[in-house]
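K.L.:
The structure follows.
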Amino acid sequence: MKSRTDYLTMNLPSRRGFVNITREVEQVVKASGVQEGMVLVNAMHISASVFINDDESGLHHDYDVWLEKLAPHAPTSQYRHNDTGEDNADAHLKRQVMGREVVVAVTEGKLDFGPWEQIFYGEFDGRRKKRVLIKVIGE
Amino acid sequence: MKSRTDYLTMNLPSRRGFVNITREVEQVVKASGVQEGMVLVNAMHISASVFINDDESGLHHDYDVWLEKLAPHAPTSQYRHNDTGEDNADAHLKRQVMGREVVVAVTEGKLDFGPWEQIFYGEFDGRRKKRVLIKVIGE
Amino acid sequence: MKSRTDYLTMNLPSRRGFVNITREVEQVVKASGVQEGMVLVNAMHISASVFINDDESGLHHDYDVWLEKLAPHAPTSQYRHNDTGEDNADAHLKRQVMGREVVVAVTEGKLDFGPWEQIFYGEFDGRRKKRVLIKVIGE
């Protein structure tokens, strides 16, 4: 069995945002030499997500509006978590809707993707350094 | 390490619906010869889901009503994604709630399931051909 | 390839609750002898979740309030699933928001975690025995 582990550093200038990291994952898969296996991609922080969807800016706007409706940031006092001095309880909720991780099949050395699948980092409490883990296993 | 990759073609006659694909996944696991490992099952399209829950039609009705409440289809103009000429922004939202993929343990050659676990394809923008990926790895 | 499969038994005294199971997963990883690989942790019941987030009681309270808002338990008659004699349709909905499973990288024999990641069992229909599956594969 082969394996390879890499880490991406993210540091978004805004509280919320989406970043396409498909290229970075492809590079790790290639470097691993794995032909048949799986790659795990996950946020290492609990107020961020990794998910797969469309690289379309209108949709990303819709996600942002929708998540803010499902789990509003303000008033921050509505969340008991924020009594600890944080103001990011909503980010922990939004991240559960969008997910922590994706597992993608590696087939013939490549991400085995449908026509529109792209991997995104979703940030819900940015303006500081966070990491994404990429782990490939297979043969 | 052994591995096997198969693809199911789905083509639902309605916009939304749920299809039990447990049997198909079991067949791929059996054909793989894997005794101990994992199987990944994911939608290859970004307006559909693969998830595990109960095979009970009342519950599927409840899911449909609930998802429509969380992310309504109409009015389609409420979503910026639909400015691209699509009318399926809601499907991209619903799919995030239900998830893209499941990973299931394979133990002694079988899906290692609790008493009620069944694998479903969830369609949120049907009436066209889509695919599901099934990938088994292990030994 | 090495693999190891273990099962935890859960039996919460209340309908809903969260239990930190990180220590138990760490023990299975250690016992497996896997240095590089992945560990799958999933609820084997369809009204419960396994997810990764913060071990902070205020946040757990926020999750409980938020999930009850997104998918209220009462009135139980609002759900068709409950016509079968169950009263737990809301639990099947809540579990979809929080997820069935997590997949975690094992690197140098340990859970490859960010600073705050902890694994939780989320119960939405307790007061009876349920199980969690832990499966490690790798080398």
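K.L.:
Looking only at the stretch A:100-139, filter to residues that are small (Gly, Ala, Ser) and buried (at least 22 other Cβ atoms within 10 Å of the Cβ); which one of those is farthest from residue B:131 (Cα to Cα)?
P.N.:
A:122
K.L.:
Still on this structure, please answer the following. Could you check, for the stretch A:18-34, whether at least one of its residues is closer than 27 Å to residue B:128 by Cα and among the aromatic types (Phe, Trp, Tyr)?
P.N.:
Within the stretch A:18-34 (the criterion being closer than 27 Å to residue B:128 by Cα and among the aromatic types (Phe, Trp, Tyr)), the answer is no, since none of the residues qualifies.
K.L.:
Being charged (D, E, K, R) and at the interface with another protein chain (Cβ under 9 Å from one of its Cβ atoms) is the filter here; which residues of the stretch C:93-107 pass it?
P.N.:
C:95, C:100, C:101
K.L.:
I've got another one for you. Residue by residue through the stretch A:33-45, note down the ones that are open to solvent by less than 10 Å² (accessible area, probe 1.4 Å) and either among the aliphatic types (A, V, I, L, M) or more than 8 Å from chain C (Cβ to nearest Cβ) (or both).
P.N.:
A:34, A:37, A:38, A:39, A:40, A:41, A:43, A:44
K.L.:
Just to check your reading of the model, which residue among C:26, C:68 is of a type outside the set (Ser, Thr, Tyr) and without any contact (Cβ under 8 Å) to a residue 40 or more places away in the chain?
P.N.:
C:68
K.L.:
Whether any residue in the stretch A:56-78 is in contact with a Ser or Thr (Cβ under 9 Å, 6 or more places away or on another chain), within 22 Å of residue A:130 (Cα to Cα) and of a type outside the set (A, V, I, L, M) is what I want to check.
P.N.:
No, every residue in the stretch A:56-78 fails to be in contact with a Ser or Thr (Cβ under 9 Å, 6 or more places away or on another chain), within 22 Å of residue A:130 (Cα to Cα) and of a type outside the set (A, V, I, L, M).
K.L.:
Here's a follow-up. Step by step: first the residues of the stretch B:70-92, then only those that are within 11 Å of chain A (Cβ to nearest Cβ) and charged (D, E, K, R), then the one that is least open to solvent (accessible area, probe 1.4 Å). Which residue is that?
P.N.:
This residue is B:90.
K.L.:
For the stretch C:111-139, how many residues meet the condition of being in a strand (DSSP E or B) and within 12 Å of chain A (Cβ to nearest Cβ)?
P.N.:
8
K.L.:
Which of (1) within 27 Å of residue C:5 (Cβ to Cβ); (2) among the hydroxyl-bearing types (Ser, Thr, Tyr); (3) open to solvent by 10 Å² or more (accessible area, probe 1.4 Å) does residue B:22 not meet, given it meets every other one?
P.N.:
So the condition that residue B:22 fails would be (3).
K.L.:
Of all residues in the stretch C:41-57, which are without any contact (Cβ under 8 Å) to a residue 40 or more places away in the chain and small (Gly, Ala, Ser)?
P.N.:
Once the filter is applied, which keeps residues that are without any contact (Cβ under 8 Å) to a residue 40 or more places away in the chain and small (Gly, Ala, Ser), the stretch C:41-57 yields only C:57.
K.L.:
Something else about it: Determine the pairs where a residue that is among the acidic types (Asp, Glu), located within the stretch B:106-123, has a partner that is surrounded by 20 or more Cβ atoms within 10 Å (Cβ to Cβ) and at pLDDT below 95 with Cβ atoms under 7 Å apart, the partner being 6 or more residues away or on another chain.
P.N.:
That search, which allows pairs on different chains as well, returns nothing.
K.L.:
Something else now. Answer with yes or no whether residue B:17 is open to solvent by 30 Å² or more (accessible area, probe 1.4 Å) and more than 8 Å from every other protein chain (Cβ to nearest Cβ).
P.N.:
no
The values are calculated or read from the model by the stated rules, or taken from the named source; none is laboratory data. If you're wondering where the values come from, they're calculated on a predicted model, not measured in any experiment. Glycine also receives a Cβ, built like all others from the backbone with ideal geometry; neighbour counts cover every protein chain displayed. Please note that ligands, DNA and RNA were not included when accessible areas were found on the heavy atoms of the full protein model with its side chains. Shrake-Rupley method; radii C 1.70, N 1.55, O 1.52, S 1.80 Å.
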